[in-house]
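The values are calculated or read from the model by the stated rules, or taken from the named source; none is laboratory data. Everything numeric in this text was worked out from a predicted model, so none of it was measured. A quick note on method: Cβ atoms are made from the backbone with ideal geometry, for glycine too, and the neighbour counts reach across all protein chains shown.
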Amino acid sequence: MISQVFILSSKGDHLIYKDFRGGAGNDIVSIFYEKVTALTGDQPPVVMNHKDIYFVHIRQGGLYWVATTTAGSSPFTITEFLNRLAALVKDYCGSLSEKSVQMNFALIYELLDEIVDYGYIQTTSSDVLKNFIQTEAVTSRPFSLFDLSNVGLFGAETQQSKVAPSSAATRPIQSSREQGGKSEIFVDVIERMTVVIGSNGLLMKADVEGEIRVKCYMPSCSEMRIGLNEEFSIGKSQLRGYGAAVRVDECSFHQAVRLDEFDSHRILRLCPSQGEQTVMQYQLSDDLPSALPFRLFPTIERDNGGRLLMYMKLRCDLPPKSAAINVCATIPVPKGSVSLSQELSSPDQSAELKPQSRAVVWKIARFAGGTQLSALFKLEVPSLSSASMLEVGPVGLSFELPKITATGLQIRFLRLSPIQPGPSQRWVRYVTHSDSYTIRI
Amino acid sequence: MPYLGGEETVRELRRALSNPNVQSDPLRYRNTILKVIRTMSQGVDVSGLFSEMVKACATVDVVQKKLVYVFLCSYATLNPELSLLVINTLRKDCQDPNPMVRSLALRNMTNLRLPSLVEYVEQPLTAGLRDRAACVRRVAVLGWAKLHNLHPSSEIDAAVVNELYSLLRDPDPVVMVNCLRALEEILKEEGGIAINKPITHHLLNRLKECDIWGQSEVLRVLQRYRPQSEDELFDILSLLDSFLVSPHPPVMAATLSLFLSISSNLPVISLAALERVSGPLLAACGSGSREMRFAAVCHIQLLLRSVPGLLGPHYKRFFCGYAEPAYIKERKMQVLVELVNDENVAMILDELKGYCTDVNTDTAQAAISAIGRIGRSYSDRCLQILTGLLGLKQDHITSAVVQTMRDLVWVCPQCSDTVCLALDGCEETLQDIQGRQALLWLLGVYGERISTAPYTLEVLIDRVRSEASLGIKMELLTATMRLFLCRPAETQDMLGRLLHYCIEEETDMCVRDQALLYYRLLHCGIEKTREVLQGRRSDPSLGVLIGRPAKPVSQWARCFNTLEPLSQGAVEAESDSRGSPEHVTYNSKPNADLSDTLSCSHIEEVHSGAEKIEEVDCAWIEECVRCPAVLHCSPQSLQAAMQLVNIQTLAFTPQQMLPWRVYLYTHTQRSHSMDAPNTTLILGELLCTGEANQKSGVKKGTADSEAGAEGKEDQLVRKEMDATADRLRVSEDGQEEEEGIKVILNQQPKDDDALRQFLTILITVLNTLSSEKD
């Protein structure tokens, strides 16, 4: 049971406040904000209480999404609800930010009114909700020259128009109504990697959590068939044939997915509802089919001038045609490091010393597969001792691998039946993110 | 320009709302109303516009209607009279052919929360229950609950309750679930909806139709059901099995709660359910939402209390990601400590070592104390890591390491050599109070083995004038006294200076009294002083039991899937989950407290109770049992026997050694007084000195002499361990015995019945054990 729901900006501005059960004081929002800001540590705990009012909150899009409830409520239900609410708001408003919430507050009140009645969650299915929601979303899209470049001469298809712009999926689902013809469907395979590499270069832990997400802008739903790799197998017992099987340890599906063709042909059938939904989730531990995307060869020594020399060689073991983007290596350095001088192997990299977080941050915008980058960092550390070397590392890498899945999962085909009238576009996108990629030194 | 939220804004809005030109243009009218709502969300009081907004309500534009309702529901309670005007529009809307308009009107009619409107609302609500459209029925059902809560005392119409019961069979699953919710609220005083067999089976059969919110709600309500036969129970369980491994955490958690509550007297089933649920819980631990991760990790901690080895093979899932927030890292480390075994200890320690240099000091300190806890079972490896960390010479790390070492040494006295060697030189890096206190304690207790101890203390004594912390001064006094006992030549002079300062110049009463106490104690002679100050040492012959006994599922089943595991602090979870004697570690200012209690309990002896005495809610008992054969039992069998009756052993001396002792404890439910904290802690010591002249006797009394204690369980533990020897015993029957085992029990809070009961059980166990041996 939920008593109130409110959304605050990170600065504590009230964006949305809805009281479902009545009886709460007016200052409840400010009490929450005081509590949340008074907490020590960089991130506050999820549950806080004030007398017998319990606040459960999540952070998404830089906003606080808060529900107040009683002690006996299920934390899983409330957290899941808030996550779902944020996802719905994102679906309806296009993107999740303070600005979009502010502009669409009427729509969000309307949503909340339909989702929750008297503190009880009624429905969060976008199929049901679309019949009730009347307000149109307001979006602000900055004018961009890139939008024009997609249009070819006399409407001819250019190369660029075959690639979905990255902003394509950040628009409200309802705008498809008046845009009429433009019905699109996005199928995203998103994987998150958690890797720990020991100081001897051996892999200590590798986990992949993946999901197939469907984002549907079709006004009328039709059946969709998603074909996965034929050699896809679940668990260790089910290996088919030989060679590079695509294997996951555990796998679960959305309630709406019908699996009658899954066992024989690895086909998922579903009628996607409007908006975003996770169709399938899977995970794989320890046994990756492909090589790790990155390896680091560090050399760390002190020179006689009392400086710390870190020579880092980072190799990207992706296939040569693909590349990693937004690679960022965080290298913890000894406390009291004063200044950094650097020698980087190519100009598109950058590195800086962040004294608050006690780390050198090395950024590489684009890192092609099969190549190697190196950097030499010279750190001025006044109180350098041999023990300070222990403070260097472990290195954390964050990156994005477009068009690559770590498990090798691929979508063979994506069929809509019956065939949609009018032009419809189907997009399949793959991306692997780093959840936590740690290399010990 | 008007200021945001000023009077001017409200006036401006009123002018716009009542402007006929605006009213005639639907788009402008709607935009003006939007502005009002926006101002309202920003926290500005716009209740003055109520009458204008009531007018705006009469429109065919659904969006505008919805907006106005948002406004009206927020301010209706401030304007009950004006709200009457809205009711007409709303009642008209309830007749609208469009079901959406009907449900909207009905919902907002009940959301106005005005008791005066009840009479107008009842009729549309009754009609709503029989509406063709499911969305109207959903609203109507909950509407009755809202109505009831406006007048909680009033009798609700039996016909309505019956109608709600019959709507449980409604074809729409949301209506069904809403009926459950409404009946729960309306019948709250009778203990909620009556869950009988037909209703249960109906709900279970329709569970698949509901969405995850409905499922969790139904499963929660069904927890009250008690199956009539075992067959029925198993039918229900097998029906629910697929929900137990649901990929949706809310459903999974609700199902497990239901499993645990209906199979509460079948522990095998509960354990099987825990095994089965560990997969989905682990998946939730890797969820993309960090809040969900946190909830899952907290619940895993609950599970581990009952099945310590449950997730052993999956320990790597609890390694922390470097970008994870500190609160998740801390919980994950707590789980890692629980999962340590011979195979994975190297990996886990390696991982934890990596966290010790974390930028976040909280994380670093949590990692260090986690290593310390593992050190109880794998002391060599852990000490090696801890000593290595001292080399970093960083104040927060050194402080955490010294505190951890202090705690470790108390449990594993065999570590003391390594610790003494490592301590050299770390006083220079220590900055914070807790770390320095820990160092002082160690210097005092192991002073004879740390060669530089007097010099370290001397520096501190010279600077005592500028010392701000009370705790440090107290600790310094005690440490210097202790050091004086083992190294008098080097310490005498500085002790004199310290005592002089504390007695003559110190303004704080506590420090002064403590110094006076020591001064007088020294007058009593060196032997007496030694007896008082050096009693406090853990017995190296005591082997601490590693591993925690599994607690019954019922102990935490009640709080599973509630907010309790998430909101209770990490500290609490910690002391709860470990049954070792040194909970003191996590006390806010452990050492100051300790020396307080120590000195106070001896004040009685020195100057006959002149200090203030507080009544403390605790009791102690001594009893002699004749069962000599117990001495020859192996520790394992003794432990097993005790655990059968829920008594946990803390530590014991090896077989055949004299004096032979066993320390044990138990939590029992209080027999009466439901309002008070309803568990009591009993600590016990079994002692056999081997002397034949023991008196058998029973002495029972309220321990009102235990002054100064703040009623902390943990203090009792240490006190019990230290100061049992010099208590007076009154013999009542004076019977001589050959070989008796003395049982000393200490209880808090006091509860005679429970204590008696416990004693009977304990004696029965001991007798059984000896008879087996014979």
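Identify the residue in region B:32-63 that is within 20 Å of A:Val138 (Cβ to Cβ) and more than 10 Å from every other protein chain (Cβ to nearest Cβ) and, among all such residues, is modelled with the lowest pLDDT. Walk me through how you get there before you give the answer.
Pass one, region B:32-63, residues within 20 Å of A:Val138 (Cβ to Cβ): B:32-42, B:61-63.
If we keep only those that are more than 10 Å from every other protein chain (Cβ to nearest Cβ) as well, we get B:32, B:35-36, B:39.
On the way: B:Thr32: 89, B:Lys35: 87, B:Val36: 87, B:Thr39: 83.
Checked region B:32-63; the qualifying residue modelled with the lowest pLDDT is B:Thr39.
Residues B:Ser369, B:Ser306: which one is within 23 Å of A:Ser388 (Cα to Cα) and more than 10 Å from chain A (Cβ to nearest Cβ)? Talk me through it step by step, then tell me what you get.
On the way: B:Ser306 fails: within 23 Å of A:Ser388 (Cα to Cα).
None of the other options fit; the residue is B:Ser369.
What residue, among those in region A:393-426 that are under 18 Å from the mean Cα position of the chain (by Cα) and part of a strand (DSSP E or B), is nearest to the other protein chains (Cβ to nearest Cβ)?
It comes out as A:Gly396.
Any idea which of B:Val359, B:Val345 is more than 10 Å from chain A (Cβ to nearest Cβ) and surrounded by fewer than 23 Cβ atoms within 10 Å (Cβ to Cβ)?
Numbers: B:Val359 fails: more than 10 Å from chain A (Cβ to nearest Cβ).
Answer to the selection: B:Val345.
Can you confirm whether region B:504-518 contains a residue that is outside any helix (DSSP H, G or I), surrounded by fewer than 16 Cβ atoms within 10 Å (Cβ to Cβ) and of a type outside the set (S, T, N, Q)?
Of the residues in region B:504-518, the ones outside any helix (DSSP H, G or I) are B:506-508.
Right, trim to surrounded by fewer than 16 Cβ atoms within 10 Å (Cβ to Cβ) and you get B:507-508.
Adding the requirement that they be of a type outside the set (S, T, N, Q) leaves B:508.
Yes: region B:504-518 contains one or more residues that are outside any helix (DSSP H, G or I), surrounded by fewer than 16 Cβ atoms within 10 Å (Cβ to Cβ) and of a type outside the set (S, T, N, Q).
Which residues, counting only those in region A:41-83, are within 16 Å of B:Ser289 (Cα to Cα), more than 9 Å from chain B (Cβ to nearest Cβ) and outside any strand (DSSP E or B)?
Selection gives A:Gly61, A:Gly62.
If B:Arg317 satisfies every condition in (1) within 13 Å of chain A (Cβ to nearest Cβ); (2) part of a helix (DSSP H, G or I); (3) within 22 Å of B:Gly435 (Cα to Cα) but one, which is the exception?
Looking at each condition in turn, B:Arg317 falls short on (3).
Please find, within region A:297-352, the residue that is nearest to the other protein chains (Cβ to nearest Cβ) out of those that are over 21 Å from A:Ser199 (Cα atoms), free of Cβ contacts under 8 Å to residues at least 24 places away in the same chain and part of a strand (DSSP E or B).
Here the residue is A:Glu352.
In region A:1-33, what count of residues is obtained for those that are within 29 Å of the chain's Cα centre (by Cα) and not in a loop (DSSP other than H, G, I, E, B)?
If we filter region A:1-33 for residues that are within 29 Å of the chain's Cα centre (by Cα), which is where we start, we get A:1-2, A:4-18, A:29, A:32-33.
After this cut, where a residue has to be not in a loop (DSSP other than H, G, I, E, B) as well, the list is A:2, A:4-9, A:14-18, A:29, A:32-33.
Final tally of qualifying residues: 15.
Counting only residues that are surrounded by fewer than 20 Cβ atoms within 10 Å (Cβ to Cβ) and modelled with pLDDT of 85 or more, which one in region B:313-323 is farthest from A:Pro394 (Cα to Cα)? Before the answer, list the steps.
First, pick out the residues of region B:313-323 that are surrounded by fewer than 20 Cβ atoms within 10 Å (Cβ to Cβ): B:313-314, B:323.
From what's left, modelled with pLDDT of 85 or more: B:313-314.
Details: B:Pro313: 24, B:His314: 22 Å.
Among them, the one singled out is B:Pro313.
Across region A:354-392, what is the total count of residues that are more than 13 Å from every other protein chain (Cβ to nearest Cβ), part of a strand (DSSP E or B) and either without any contact (Cβ under 8 Å) to a residue 60 or more places away in the chain or crowded, with 17+ Cβ neighbours inside 10 Å (or both)?
Matching residues across region A:354-392 total 12.
Give just the number: which of (1) touching a Lys or Arg at 6+ places or on another chain (Cβ under 6 Å); (2) surrounded by 19 or more Cβ atoms within 10 Å (Cβ to Cβ) does A:Thr330 not satisfy?
(1)
Within 14 Å of B:Gly43 (Cβ to Cβ), within 11 Å of chain B (Cβ to nearest Cβ) and at pLDDT below 90, is that true of A:Leu15?
Considered against the rule, which asks whether it is within 14 Å of B:Gly43 (Cβ to Cβ), within 11 Å of chain B (Cβ to nearest Cβ) and at pLDDT below 90, A:Leu15 comes out as yes.
For A:Thr278, work out the one condition from (1) over 25 Å from A:Ser222 (Cβ atoms); (2) in contact (Cβ under 8 Å) with a residue 12 or more places away in the chain; (3) surrounded by fewer than 20 Cβ atoms within 10 Å (Cβ to Cβ); (4) not charged (D, E, K, R) it doesn't fulfil.
Just one mismatch for A:Thr278, condition (1).
I'm trying to understand the selection: among the residues of region A:267-287, which are closer than 23 Å to B:Pro280 by Cβ and in a loop (DSSP other than H, G, I, E, B)?
Once the filter is applied, which keeps residues that are closer than 23 Å to B:Pro280 by Cβ and in a loop (DSSP other than H, G, I, E, B), region A:267-287 yields A:Asp286, A:Asp287.
Would you be able to tell me the number of residues in region A:188-219 that are in a loop (DSSP other than H, G, I, E, B), polar (S, T, N, Q) and in contact (Cβ under 8 Å) with a residue 24 or more places away in the chain? Before you say what the answer is, go through the steps one by one.
So in region A:188-219, the residues in a loop (DSSP other than H, G, I, E, B) come out as A:198-202, A:217-219.
Still in the list and also polar (S, T, N, Q): A:199-200.
From the residues that got through so far, the ones that are in contact (Cβ under 8 Å) with a residue 24 or more places away in the chain too are A:199.
Matching residues across region A:188-219 total 1.
Of (1) within 13 Å of another protein chain (Cβ to nearest Cβ); (2) among the hydrophobic types (A, V, I, L, M, F, W, C); (3) farther than 28 Å from A:Asp435 by Cβ, B:Ile262 satisfies all except one. Which?
(1)
Table: residues versus (1) more than 30 Å from B:Leu392 (Cβ to Cβ); (2) modelled with pLDDT of 80 or more; (3) not β-branched (Val, Ile, Thr).
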| site | (1), (2), (3) |
| --- | --- |
| A:Val392 | no, yes, no |
| A:Gly396 | no, yes, yes |
| A:Lys403 | yes, yes, yes |
| A:Gly408 | yes, yes, yes |
| A:Ser417 | yes, no, yes |
| A:Ser424 | yes, no, yes |
| A:Val431 | yes, yes, no |
| A:Ser434 | no, yes, yes |
| A:Ile439 | no, yes, no |
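Among (1) within 12 Å of chain B (Cβ to nearest Cβ); (2) surrounded by fewer than 20 Cβ atoms within 10 Å (Cβ to Cβ); (3) in a strand (DSSP E or B), which single condition is A:Arg429 missing?
For A:Arg429, the failing item is (1).
What are the residue pairs meeting all of these: first residue in region B:234-255, first residue more than 9 Å from every other protein chain (Cβ to nearest Cβ), second residue among the polar types (S, T, N, Q) and in a helix (DSSP H, G or I), Cβ atoms under 8 Å, and 6 or more apart or on different chains?
Matching pairs, first to second residue: B:Ile236/B:Thr200; B:Leu240/B:Thr255; B:Phe243/B:Gln215; B:Phe243/B:Thr255; B:Leu244/B:Thr255.
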